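The values are calculated or read from the model by the stated rules, or taken from the named source; none is laboratory data. On a predicted model such as this, the values are computed, not experimentally measured, just so you know. Note that we place each Cβ from the backbone using ideal geometry, even for glycine, and neighbour counts take in every protein chain shown.
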Amino acid sequence: MSRYFTEDHEWIDVDGNNATVGITNYAQEQLGDVVFVEVPENGKELGKGDDAAVVESVKAASDVYAPVSGTVSEGNVALADDPSLINTDPEGEGWFFKLDLSDTSQLEGLMDEAAYKEFVASL
Amino acid sequence: MSDQNELDDSPPQDQKLPLDSWHRGQGARMVSFAGYEMPIQYEGIMAEHIWTRENAGLFDVSHMGQVVFTGENADAELEKILPGEIQKLGVNRIRYSLLLAQDGGILDDLMVTRRANDIYAVVNGATKYDDLAYIIDNMPDSVTINLMDDHALLALQGPKAGTALASFIPEVDNLYFMMAGAFALDGMDLWISRSGYTGEDGFEISVAAQHAEKLAGMLCGHEDVKPIGLGARDSLRLEAGLPLYGHDLTPQITPIQADLGFALNKRRREQGGFAGAQRVLGEHKDGAAMKRVGLFVDGRQPLREGAIIVDDAGNEIGQVTSGGFSPSLERPIAMAYVPSELSEEGTVLTAQQRGKPFAVTVTKMPFVPHNYRRKPKA
């Protein structure tokens, strides 16, 4: 399994055609206290860059984009009851949704962990 | 991920306030606000909000305009553009008032204190230069206007603010809500008002800019006091039902629409003689077509400024002007303008945000009870 990162501060774990998407620790720090999360429904088809999920902190609403194209296989229902999972475990229990990838070649343009760290350090 | 909202997190090109480096030393995240770099948060909005409701928070509000009016007729002249009773305001008493345009629209909201030899007002940061231009235009040369831009303004707010400040200055115990006075602390001259913008007991402290760091450090040295950012200031004032200028109050809104009729004092209602009096007094008598109300929002997703209120056919009939998640109540709350006939407490309405409907219920404000230290009735 490999983990990729986007410049929009999302992470994607990829195992074959299956991907899990969340936001990075840097992203949750920027958001602050998360009070509401809306994840996409199963079966929803998402193109790369489409609005996929909504995350609201005390101060602001933000979109989470589909980092690659695919069909939603599962949204993280635990976030409805406990949106603060985004703050406490953003790169684990606080995942947003799972995708069946439609075009794995889209992963090629994404960053690995080292490149993402460098990207964050440059901000 | 991208921000949809109004806070600008881009690298600020703004003026710095006297406490700038102090905030950074306290771990603040700075953002651009009202033309200044200001602390949005330290440890987190939710924790800072709850801390202020239970203890005492120190807010830097030095971006606000502190204005002093001198001259024999300053009070009567101010009454031409404010609907409040200023002439009979007692010495060292504070009044909330509204700066009105000639058509009765609200140009700013402000606190006015009559002092022994002058009148001291605190106006909003984002509007202070426009306010001054308007005031100067409407004031004879006999009144001198001085913007105290060499002074910082700190607010100490919360149920423990009184004991915390009295541990440094015991005499502040003599102040009740909406009273003010001059005090000294360790060589610093302070003008202290028992007032604030959180719904809690507390103070606003005017201090010379060169002493601001020393004062902030002393106050935060008290175990019950922590620095609090603008983020929590906004959620606290929203819970307290207090409008925010530029959002809930604008030049298109009148005092009656804003449900601020209490700012029209009796003699002024009877005599008029202030900007927009005809319209404002007419609305006071007959009611305005729309009104600012509080809303409880069903579910957990906050409604934000810019969301609309719709009728059954989906037509826009109102606007949300402030909204967010209430840390104290753990649910979303909002302020909105709705048609007056739909402003009754308990009225269920539909709001719409990004095409999605939300059920909302008109509710009484404040959302969280005020906790002021009022003077006991004699």
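Overview of values
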read-out	value
Long-range neighbours under 9 Å by Cβ, at least six apart or interchain, first residue more than 12 Å from A:Asp13 (Cβ to Cβ) within segment A:85-99, second assigned to a helix (DSSP H, G or I) and among the charged types (D, E, K, R)	A:Asn87/A:Glu29; A:Pro90/A:Glu29
Top-ranked residue of segment B:306-324 - restricted to ones that are within 11 Å of another protein chain (Cβ to nearest Cβ) and within 20 Å of B:Ile45 (Cα to Cα), ranked as surrounded by the fewest Cβ atoms within 10 Å (Cβ to Cβ)	B:Gly323
Residue that is farthest from the other protein chains (Cβ to nearest Cβ) [pool: residues in segment A:38-58 that are among the aliphatic types (A, V, I, L, M) and in a loop (DSSP other than H, G, I, E, B)]	A:Val39
Subset of segment B:325-353 [within 12 Å of another protein chain (Cβ to nearest Cβ), part of a strand (DSSP E or B) and not aromatic (Phe, Trp, Tyr)]	B:Ser326, B:Arg331, B:Pro332, B:Ile333, B:Gln353
Selection count where residues are part of a strand (DSSP E or B) and either over 17 Å from the mean Cα position of the chain (by Cα) or among the β-branched types (Val, Ile, Thr) (or both), scope segment B:181-215	13
Of all residues making up segment A:1-24, the number that are more than 9 Å from every other protein chain (Cβ to nearest Cβ), surrounded by fewer than 18 Cβ atoms within 10 Å (Cβ to Cβ) and within 11 Å of the chain's Cα centre (by Cα)	1
Search result, residues across segment A:25-37 that are within 11 Å of the chain's Cα centre (by Cα) and part of a strand (DSSP E or B)	none
Single condition B:Gln13 does not satisfy, out of (1) out of contact with any strand residue (DSSP E or B) (no Cβ under 6 Å at 6 or more places or on another chain); (2) polar (S, T, N, Q); (3) buried (at least 16 other Cβ atoms within 10 Å of the Cβ); (4) modelled with pLDDT under 95	(3)
Counted residues, segment B:218-239 - those being of a type in the set (A, V, I, L, M, F, W, C) and surrounded by fewer than 21 Cβ atoms within 10 Å (Cβ to Cβ)	2
Yes/no for A:Asn42 being farther than 30 Å from B:Ser322 by Cα, surrounded by fewer than 19 Cβ atoms within 10 Å (Cβ to Cβ) and touching a residue at least 24 places away in the same chain (Cβ under 8 Å)	yes
Residue that is nearest to A:Gly43 (Cα to Cα) [pool: residues in segment A:65-81 that are within 11 Å of chain B (Cβ to nearest Cβ) and out of contact with any helix residue (DSSP H, G or I) (no Cβ under 9 Å at 6 or more places or on another chain)]	A:Tyr65
Helices (runs of 4 or more DSSP H) fully within segment B:218-295 counting 1 or more residues that are of a type in the set (Ser, Thr, Tyr)	B:230-239
Test: residue in segment B:304-319 that is among the small types (Gly, Ala, Ser) and touching a residue at least 60 places away in the same chain (Cβ under 8 Å)	no
Some residue of segment A:115-123 being within 14 Å of another protein chain (Cβ to nearest Cβ) and of a type in the set (A, V, I, L, M)	yes
B:Leu165 vs. criteria at pLDDT 95 or above and closer than 28 Å to B:Pro251 by Cα	no
Residue match in segment A:95-104 (condition: in a helix (DSSP H, G or I), modelled with pLDDT under 95, among the hydroxyl-bearing types (Ser, Thr, Tyr) and closer than 23 Å to A:Gly70 by Cα)	yes
Filter result (over 19 Å from the mean Cα position of the chain (by Cα) and within 30 Å of B:Asn55 (Cβ to Cβ)) within segment B:329-344	B:Leu329, B:Glu330, B:Arg331, B:Pro332
